[in-house]
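*Asks:* Let me begin by handing over the structure; questions about it come next.
The values are calculated or read from the model by the stated rules, or taken from the named source; none is laboratory data. On a predicted model such as this, the values are computed, not experimentally measured, just so you know. With ideal geometry, Cβ positions are generated from the backbone for all residues, glycine too; neighbour counts draw on all protein chains shown.
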Amino acid sequence: MKKEIKVLLVEDDEAQRRLMSMLLKTMEEVRLTVAADGLQGLERAQRDRPDVILLDLILPGISGIELLRRYRRGGGQAGVLAISKAVGEEICAMAIGAGANFFLCKPVQWPEVRQAVRSLAGGLTRRCEELLAEMGGPDLIGRRQAARCAGWLGGRESGSVLLKEAYLEIAKEERTSVECVEKNIRQLIKELAETGTPLFWKLLGGKTDKPPTNKRFLFTLAEAARRREE
């Protein structure tokens, strides 16, 4: 049985709320709560302590951005997927700055939302950790960071994110630098290429003279974890 994921959906548009609720309920591990405005969403986020919040940014009462700011100031730890009709780097930066983990523009694609929910709940990260352990990866800080980075990447369509975004997210969470995250993962890959099990090279399509780049390895790991989940 899959681990339960408590999800809070905050969406004021009734049709969108019904559709998203219906889709989320197809995920057997999800226990869903919904809210129709910003103040109700904040109250339920604080009361129910969800694992994941799907948050529309344009809401009556208080905006999704303000909801998120108050929630984070109060110590809220849920993974947050911000969703908005508004597009552009500025609104995305505002959402991430307020504490969102992912940002998607409407209309969203259901497979991407599903993967984001599981990634934010830690499911993909756990599967990445399992794969790294099967590869024989040394228990270095880079293994944990690689699993979290790949899990983050796996929650999005691979063409819609840059690797540096994942580095930034992990660096922010662990209070370290992007350079350190990149270096730790590169060292892990070097160790795996030299001493890991055949699974390492199998996932990458065969052994080569040089270790793969961080980008290639992390996206391959994320995809393998996604396939294992399906």
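*Asks:* So, in the stretch 107-117, of the ones that are over 20 Å from residue 45 (Cα atoms) and in contact with a strand residue (DSSP E or B) (Cβ under 7 Å, 6 or more places away or on another chain), which residue ends up modelled with the highest pLDDT? Don't jump to the end; show me each part of the working.
*Replies:* Keep residues of the stretch 107-117 that are over 20 Å from residue 45 (Cα atoms), which gives 107-112, 115.
Narrowing the set further to residues that are in contact with a strand residue (DSSP E or B) (Cβ under 7 Å, 6 or more places away or on another chain) leaves 108, 112.
On the way: 108: 85, 112: 81.
In this case the residue turns out to be 108.
*Asks:* What pairs come up if the first residue lies in the stretch 117-136 and is more than 21 Å from residue 30 (Cβ to Cβ) and outside the structural domain of residue 80 (by TED's automatic domain parsing), the second is surrounded by fewer than 24 Cβ atoms within 10 Å (Cβ to Cβ) and polar (S, T, N, Q), and their beta carbons are under 9 Å apart, counting only those six or more places apart or on different chains?
*Replies:* Final answer for the pair search is 134/197; 135/197; 136/195; 136/197.
*Asks:* Further, regarding this structure: I'd like the full set of residues that are assigned to a loop (DSSP other than H, G, I, E, B) and polar (S, T, N, Q), limited to the stretch 60-89.
*Replies:* Our first condition is that a residue be assigned to a loop (DSSP other than H, G, I, E, B); within the stretch 60-89, this holds for 60-63, 74-78, 85-88.
Result: 63, 77.
*Asks:* Can you name the residue in the stretch 13-59 that is of a type in the set (Asp, Glu) and in a helix (DSSP H, G or I) and is also farthest from residue 114 (Cα to Cα) among such residues? First the steps, then the outcome.
*Replies:* Of the stretch 13-59, the ones of a type in the set (Asp, Glu) are 13-14, 28-29, 37, 43, 48, 51, 56.
Restricting the remaining residues to those that are in a helix (DSSP H, G or I) gives 14, 43, 48.
Values: 14: 20, 43: 24, 48: 21 Å.
Only one residue fits best here, namely 43.
*Asks:* Let me ask another. Would you please name the residue that is modelled with the highest pLDDT, looking only at residues in the stretch 201-230 that are among the acidic types (Asp, Glu) and in a loop (DSSP other than H, G, I, E, B)?
*Replies:* To start, the set of residues in the stretch 201-230 that are among the acidic types (Asp, Glu) comprises 209, 223, 229-230.
The next check asks that each one be in a loop (DSSP other than H, G, I, E, B); those that pass are 209, 230.
On the way: 209: 89, 230: 58.
Checking each candidate, the answer is 209.
*Asks:* Within the stretch 56-106, take every residue that is over 13 Å from residue 42 (Cα atoms) and modelled with pLDDT of 90 or more and give me the one that is surrounded by the fewest Cβ atoms within 10 Å (Cβ to Cβ).
*Replies:* 58
*Asks:* Please find, within the stretch 84-123, the residue that is nearest to residue 51 (Cα to Cα) out of those that are touching a Phe, Trp or Tyr at 6+ places or on another chain (Cβ under 6 Å) and among the aliphatic types (A, V, I, L, M). Outline the logic, then answer.
*Replies:* At the first step, the residues of the stretch 84-123 found to be touching a Phe, Trp or Tyr at 6+ places or on another chain (Cβ under 6 Å) are 92, 95, 116.
Checking the rest, the ones that are also among the aliphatic types (A, V, I, L, M) come to 95, 116.
Working: 95: 18, 116: 12 Å.
By that ranking, first place goes to 116.
*Asks:* Turning to a different aspect of this structure: Go through the stretch 169-185 and give me each residue that's surrounded by fewer than 16 Cβ atoms within 10 Å (Cβ to Cβ) and assigned to a helix (DSSP H, G or I). Outline the logic, then answer.
*Replies:* Looking only at the stretch 169-185, we keep the residues that are surrounded by fewer than 16 Cβ atoms within 10 Å (Cβ to Cβ), and these are 172-179, 183.
Of everything in the stretch 169-185, those that are surrounded by fewer than 16 Cβ atoms within 10 Å (Cβ to Cβ) and assigned to a helix (DSSP H, G or I) turn out to be 172, 173, 174, 178, 179, 183.
*Asks:* May I ask you to verify whether residue 192 is touching a Phe, Trp or Tyr at 6+ places or on another chain (Cβ under 7 Å), in the same structural domain as residue 135 (by TED's automatic domain parsing), crowded, with 19+ Cβ neighbours inside 10 Å and within 14 Å of residue 132 (Cβ to Cβ)? Steps first, please.
*Replies:* Values: touching a Phe, Trp or Tyr at 6+ places or on another chain (Cβ under 7 Å): yes; in the same structural domain as residue 135 (by TED's automatic domain parsing): yes; crowded, with 19+ Cβ neighbours inside 10 Å: yes; within 14 Å of residue 132 (Cβ to Cβ): yes.
Here the answer is yes, as residue 192 does meet what is asked.
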